Amino acid sequence: MVEVKLTVNDREETVLLDPRDSLSDLLREKLQLTGTHVGCDHGACGACTVHLDGTPVRSCIVLATRCVGSTVRTIEGTRTDALMNIVRRHFHEKHALQCGFCTPGMLMMSVDIIRRYGVPTESQVRSELSGQICRCTGYMGIVSAIQSAAREIHEEKDA
């Protein structure tokens with residue numbers, strides 16, 4: 001067993017785990033943060049996307065032992081994030097969710113896209129979402145939600 005110290009959703013955590021455990025194992029099994037979904041267990045679907053030191057990562061393929069001293073933000077850690085709340089509202093308004101399995105990863109990636117691009121074009125959104133799989137929506141609502149949320153956020157900054 002290995003001791004890992006890191007910050008998760010603004011809380012200092014110390015966890016004992018097997019050296020082979022992934023970040024998603026740590027989050028879901030050790031910390032009971034089950035909002036991080038695991039779909040494929042090899043980084044292809046994006047459902048497990050979290051922010052590691054401010055960068056979106058697939059938590060199922062990141063070894064937890066590599067996260068010593070890092071800061072992790074999961075979907076549970078975004079409840080009071082104003083930008084995320086705008087994105088969530090637009091996902092609802094644009095019918096960008098159906099079964100909800102991919103939603104936490106999509107939301108985490110969406111916030112990152114808006115932070116990096118400001119108001120992204122459709123092609124930028126689609127390119128950035130290329131590693132996020134949704135089997136239900138066809139992506140039109142998701143792309144629309146991200147763009148409309150980005151426009152609202154941009155308009156608020158300009159006001």
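Only the coordinates and a few stated rules stand behind these numbers; no lab work does. From a predicted model like this one, the values you see are computed outputs, not experimental measurements. Here the Cβ is made from the backbone with ideal geometry for all residues, glycine too, and neighbour counts use every protein chain on show.
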Next on the checklist: Could you check the stretch 42-65 and list, in sequence order, the residues that are surrounded by fewer than 17 Cβ atoms within 10 Å (Cβ to Cβ) and within 20 Å of residue 136 (Cβ to Cβ)?
Outcome noted: 44
Next on the checklist: So for the stretch 117-128 (the condition being without any contact (Cβ under 8 Å) to a residue 12 or more places away in the chain, touching a helix residue (DSSP H, G or I) at 6+ places or on another chain (Cβ under 6 Å) and over 20 Å from residue 75 (Cα atoms)), does at least one residue qualify?
Outcome noted: yes
Item to check | Candidate set: the stretch 99-110, residues that are under 15 Å from residue 88 (Cβ atoms) and without any contact (Cβ under 8 Å) to a residue 60 or more places away in the chain; chosen: the one nearest to the chain's Cα centre (by Cα) | outcome: 108
Checklist entry - For the stretch 6-29, how many residues meet the condition of being surrounded by fewer than 18 Cβ atoms within 10 Å (Cβ to Cβ) and within 24 Å of residue 81 (Cα to Cα)? => result 5
Next on the checklist: So for the stretch 122-136 (the condition being under 22 Å from residue 10 (Cβ atoms) and of a type in the set (D, E, K, R)), does at least one residue qualify?
Outcome noted: no
